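Everything on this sheet refers to the single structure shown next.
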Amino acid sequence: MPVRPTAIDRESLVRRHVVEQDSLDPRSPVSVGNGEFCFTMDLTGLQSLPAEYPVGARGELPAGTLLGTQAQWGWHSIPPEQDYTLAGSTVLYDSTWVEELPATGKGREWLISRRLDNSGYQVTVTGAGLEVEQTSRHGVILRAANGVEVLDFSVHFISTGQGDCLLRGSGGIGFTSASATGKEKAPEPGTAVIEASRTAWPDFWRSGAAVELSATEDPRAKELERRVVLSQYLTAINCSGSLPPQETGLVCNSWRGRFHLEMHWWHAAHFAAWNRTPLLLPALRWYASILEPARQTAKAQGFDGVRWPKQSGPDGRESPSPIGTFLVWQQPHPIHLAELAYRADPSRELLEEFAEIVFESANFMASFAHPTARGFELGPPLVPAQESYESIRGTVSNPTFEIAYWQWALRVACTWRERLRLPPRDTWLAVADGMARPKVVDGVYAAIGVEPFTIRTDHPSMLCALGVLPQTDIIDPAIMRATLADVMAGWDWDSTWGWDYPVMAMTAARLEDPETAVAALLQDAPKNLVLPNGHNRQTDSLPLYLPGNGGLLAAVALMAAGWDGGPDRHAPGFPADWTVTWEGLVPAP
């Protein structure tokens, strides 16, 4: 067995994978940010060449550019022409105006105000030897004053709290005034922002966990280590804010700018596993802000507790969809994320803060499952995590992953009541213990419990039932081993998504098949491509996919640190001839 060194040289680990570009790669711009605010730049370090970094349409959005500037507080909903529709159209800003403010000791300062419908935000530009001129209704030019050769300035984006531009609490890694979090601060010149970043990022890399694979002879190890390092950076700047992120984070809009709550686990679970729980908590707290609308949704449908939306904005309002309103696999996610946070930081304060979210989620889950002669069943109607069954949603029932997730999450909710010394909820235990067994066809788990049982496209989500989830008494490891082999032997890889490969890796690891785990993480497939900037590209219209990055980190943490009841050896999810050095990881459930 390889000997694990006592410590990792984290600076060398990170510097091995610094993104360097000396020619323009239109797929790989680089972003800077802090989870609340993100600025994506081209090869000049600014946004000088937007036409060179295009992104195709997604969900009826017009084609745009990858060079975005986005903030969690920068939400805007276009007013509909009629009250009953959510449709909108592309519009320009109503107005932009520039005002020079009184000079300060750090140099001249200008305030740029922008308004769109009833929303607005402001930008301050501060610097010495700088001139700012408004050249048109929406055009502003920054130029050097006469005799100035080097510009030193900062650009500070500020939420005004107008309209949909919500003034939210800060989340993320929380550094620099230039990466505004909605809290107005005194502007600083660009050099001060750079110095703040030089302090914050080393602190980030020294905190939490680290995994090093460089001593491994297998040539795949170098690429896997690159993906791990860059995924930590990308999820920190895109996924650690006060709202669940878009699939494309704060780089560009996808699905009309809304986030998907069934994706939240993939964006955020790894923060707890990598011992960076503070980066998980801000968005987890957001669920408390939509408890009431989620409770009303459940009540209107005849259920207890809260039913979390699928596709939403900050207000938690469900988006119309023939798929989203029938999905249920996002319902246990808050329980799972809260449990991972507690495992990393087992405090009573954390239990008390998230107890209502956990308990109300469990109340819905227990009432949603309905008793039959076969046990408690899910659906119909229902669309499983593998969305290939949308057209038969009226008959779909008992998807394998969701059944196992219901059992495990309800038992976790019961454990939370024990930790808080609250009386048990017998109904939760009754549902968990009595869940119907998933369908087995030809010796493998089917995706759903009714015909056609399994369509071999989209997510092989039945694998999540033992991989994303730990062993439960509802899943037979031998059958799951056959299911994994069946998937690996003949799935439609072109139809998969970036988090499917970490799913296969976690399942293989828990089944003590580390060779398959590594092979899955690095499988040569169109949507398992990781670009030079670290982003997991999917298609022209989805040029980055952060669930792929987050899923990779979750899988590597499980493979390196192990899991409850797993093999008693170092890095049990990796092949024995790999040299895996890790520190700071939290073992998986």
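Residues in segment 409-441 that are outside any helix (DSSP H, G or I) and in contact (Cβ under 8 Å) with a residue 40 or more places away in the chain: Leu420, Arg425, Gly434, Met435, Ala436, Arg437, Pro438, Lys439. If you check Leu111 against the conditions, is it modelled with pLDDT of 90 or more and either farther than 23 Å from Val140 by Cβ or buried (at least 21 other Cβ atoms within 10 Å of the Cβ) (or both)? When the stated conditions are applied, Leu111 does not pass them. Scanning for something over 11 Å from the mean Cα position of the chain (by Cα), part of a helix (DSSP H, G or I), surrounded by fewer than 23 Cβ atoms within 10 Å (Cβ to Cβ) and without any contact (Cβ under 8 Å) to a residue 40 or more places away in the chain, does segment 236-259 turn up at least one residue? So far as segment 236-259 goes, no, none of its residues is over 11 Å from the mean Cα position of the chain (by Cα), part of a helix (DSSP H, G or I), surrounded by fewer than 23 Cβ atoms within 10 Å (Cβ to Cβ) and without any contact (Cβ under 8 Å) to a residue 40 or more places away in the chain. Based on what the data block shows, is Glu223 assigned to a helix (DSSP H, G or I) and open to solvent by 30 Å² or more (accessible area, probe 1.4 Å)? For Glu223, the condition - assigned to a helix (DSSP H, G or I) and open to solvent by 30 Å² or more (accessible area, probe 1.4 Å) - is met.
Kindly indicate the residue of segment 455-468 that is assigned to a loop (DSSP other than H, G, I, E, B) and out of contact with any Lys or Arg (no Cβ under 9 Å at 6 or more places or on another chain) and also surrounded by the most Cβ atoms within 10 Å (Cβ to Cβ) among those meeting that condition. Looking at the filtered set, the residue picked out is Val468. All but one of (1) open to solvent by 50 Å² or more (accessible area, probe 1.4 Å); (2) touching an Asp or Glu at 6+ places or on another chain (Cβ under 8 Å); (3) in contact (Cβ under 8 Å) with a residue 60 or more places away in the chain hold for Thr297; state the number of the condition that does not hold. Failed condition: (3). With the condition kept exactly as written, say whether any residue in segment 396-408 is hydroxyl-bearing (Ser, Thr, Tyr), in a loop (DSSP other than H, G, I, E, B) and touching a residue at least 40 places away in the same chain (Cβ under 8 Å). Yes; the residues of segment 396-408 include at least one that is hydroxyl-bearing (Ser, Thr, Tyr), in a loop (DSSP other than H, G, I, E, B) and touching a residue at least 40 places away in the same chain (Cβ under 8 Å). A Cβ distance below 9 Å, combined with a sequence gap of six or more or placement on separate chains, defines the contacts here; from segment 15-27, residues that are over 22 Å from Ala51 (Cα atoms) and among the charged types (D, E, K, R) reach residues that are at pLDDT 95 or above and surrounded by fewer than 15 Cβ atoms within 10 Å (Cβ to Cβ) in the pairs Arg16/Ser214; Arg16/Lys222.
Assess whether Val487 counts as being in contact with a Gly (Cβ under 8 Å, 6 or more places away or on another chain), assigned to a helix (DSSP H, G or I), among the β-branched types (Val, Ile, Thr) and without any contact (Cβ under 8 Å) to a residue 60 or more places away in the chain. So Val487 does not fit the description; no.
With respect to Ala557, determine if the residue is open to solvent by less than 40 Å² (accessible area, probe 1.4 Å), touching a Ser or Thr at 6+ places or on another chain (Cβ under 9 Å), part of a helix (DSSP H, G or I) and not aromatic (Phe, Trp, Tyr). Considered against the rule, which asks whether it is open to solvent by less than 40 Å² (accessible area, probe 1.4 Å), touching a Ser or Thr at 6+ places or on another chain (Cβ under 9 Å), part of a helix (DSSP H, G or I) and not aromatic (Phe, Trp, Tyr), Ala557 comes out as no.
If you filter segment 115-154 down to residues that are part of a loop (DSSP other than H, G, I, E, B) and touching a Leu at 6+ places or on another chain (Cβ under 9 Å), you find that the one that is most open to solvent (accessible area, probe 1.4 Å) is Arg137. Is it fair to say Leu284 is within 20 Å of Phe359 (Cα to Cα), buried (at least 23 other Cβ atoms within 10 Å of the Cβ) and not hydroxyl-bearing (Ser, Thr, Tyr)? When the stated conditions are applied, Leu284 passes them.
Just one of the listed residues (Gly565, Gly550, Gly534, Gly573) is farther than 20 Å from Ile8 by Cβ and part of a loop (DSSP other than H, G, I, E, B), and it is Gly565.
Looking at segment 543-580 only, could you name the residues that are farther than 26 Å from Glu339 by Cα and out of contact with any helix residue (DSSP H, G or I) (no Cβ under 9 Å at 6 or more places or on another chain)? Correct list: Pro543, Asp577. Taken together, Pro371, Pro314 contain a single residue that is touching a residue at least 40 places away in the same chain (Cβ under 8 Å) and part of a strand (DSSP E or B), which is Pro371. Scanning segment 517-545 for residues that are over 16 Å from Pro219 (Cα atoms), surrounded by 18 or more Cβ atoms within 10 Å (Cβ to Cβ) and not small (Gly, Ala, Ser) yields Lys527, Asn528, Val530, Asn533, His535, Asn536, Arg537, Gln538, Leu542, Pro543, Leu544, Tyr545.
The values are calculated or read from the model by the stated rules, or taken from the named source; none is laboratory data. All values derive from a computational prediction rather than experimental measurement. We place every Cβ from the backbone using ideal geometry, glycine too, and count neighbours over all the protein chains shown. In case anyone asks, the SASA skips ligands and DNA or RNA and just uses the protein heavy atoms, side chains included. Shrake-Rupley method; radii C 1.70, N 1.55, O 1.52, S 1.80 Å.
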